[in-house]
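I have placed the structure first, in the form of structure tokens, so that the comments after it can refer back to it.
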Amino acid sequence: MSELQTGIMLLSHYDADIALGHIERALESEPENGDAWKALGECHLFLGNLDMAQEALHKAAQLMPKNAEISLLLHIVHTEKSNQSEAVEYFSETAMLGLSAADVNRILGAIYIGMRRYAEAEESLQRAVDLAPKESRTYFYLGFLARKREDAARAEQFLLKAIELSPDDADNLYLLGSVYMNLVKDLPKARALFIKVAALAPKRFDVWNDLGLIYLDMKDFDKSIECLNKSCELAPTHYRPFYNLACVASIQGNADAALDYLEHAFQIAPDRICNNASRDEDLRNIWHDPRFMHMFLKYCGE
């Protein structure tokens, strides 16, 4: 996957802080890519950087004029900045550009999830359901919202509805698998869904990473390594599969490999790894290795 594809996929998971670096690197090589500027604007909006969000979205609008989603994002930015006349102007544009009321509410709901304004997200998404009850994407976002709230039952309910309406949508299947894996702790159900997603969308690095984690929990180390290596191949600048390979190697007692993978992960996302490495029980076999301590001090400080 390209840097932009990786960034957009991470952004779809609302991992804006990690997506940001991938999208910025994409713009270094493709400075006139409107999709990249739009994604950059979304990242900054989700991170609360309103001025930078506005700047990026204005650039996206120049490159992709008459894009209703960009107009809606700019409406939110100007609303947050209390620029009421601009907010009204951009909202009016969305109607002129053909975005239906159901679409507006669905997109607003998705954006509010990224902004962690869950009550507003739920209100917008429920309005979207009322206006267009057979739109599977709305149920996907309702499922995502329920997952954020750690409400496994409601997440499953919404995602099963989304799958009923769009049986082969990889996003719906992946998110339900994630609910089964992380909230319900039903690994066989999660694995079955992830295998289906991998068949439908074999270039999704996230599903291969999560399959690797499931096989790790099942103590099937060979399959775990195979899946995690596949994830690394698809997204070589994303930290998660390298970090998880470090965990596998540590559990297997291979300190050299664990430290190599861990340093690679540190180089990509030091803040994320600093928050986890000294507390993750999967790495306990290398905690007292002097090389681990040196690495931790190098990237995290004292």
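The values are calculated or read from the model by the stated rules, or taken from the named source; none is laboratory data. Every value quoted in this text rests on a predicted model; they were computed, and no experiment measured them. Cβ: placed from backbone, ideal geometry, glycine included. Neighbour counts: every protein chain shown.
Tabulated data
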item	result
Region 160-192, residues that are farther than 15 Å from Leu216 by Cα, of a type outside the set (Ser, Thr, Tyr) and part of a loop (DSSP other than H, G, I, E, B)	Pro167, Asp168, Asp169
Residues satisfying the stated conditions in region 95-134, i.e. small (Gly, Ala, Ser) and farther than 14 Å from Arg149 by Cα	Ala95, Gly98, Ser100, Ala101, Ala102, Gly109, Ala110, Ser124, Ala128, Ala132
Considering residues of region 161-199 that are of a type in the set (S, T, N, Q) and crowded, with 19+ Cβ neighbours inside 10 Å only, the residue farthest from the chain's Cα centre (by Cα)	Asn172
Thr94, sole failed condition from (1) touching a helix residue (DSSP H, G or I) at 6+ places or on another chain (Cβ under 8 Å); (2) more than 30 Å from Glu32 (Cβ to Cβ); (3) modelled with pLDDT under 95; (4) among the hydroxyl-bearing types (Ser, Thr, Tyr)	(2)
Filtered residue count, region 22-57, keeping only those that are touching a helix residue (DSSP H, G or I) at 6+ places or on another chain (Cβ under 8 Å), more than 21 Å from Val77 (Cα to Cα) and either of a type in the set (A, V, I, L, M, F, W, C) or part of a helix (DSSP H, G or I) (or both)	5
Neighbours by Cβ (under 7 Å, 6+ apart or cross-chain): first from region 85-107, over 13 Å from Ile70 (Cβ atoms); second at pLDDT 90 or above and among the basic types (Lys, Arg)	Asn105/Arg127; Arg106/Arg137
Unique residue being among the hydrophobic types (A, V, I, L, M, F, W, C), touching a residue at least 12 places away in the same chain (Cβ under 8 Å) and surrounded by fewer than 19 Cβ atoms within 10 Å (Cβ to Cβ) when the list is Ala132, Ala110	Ala132
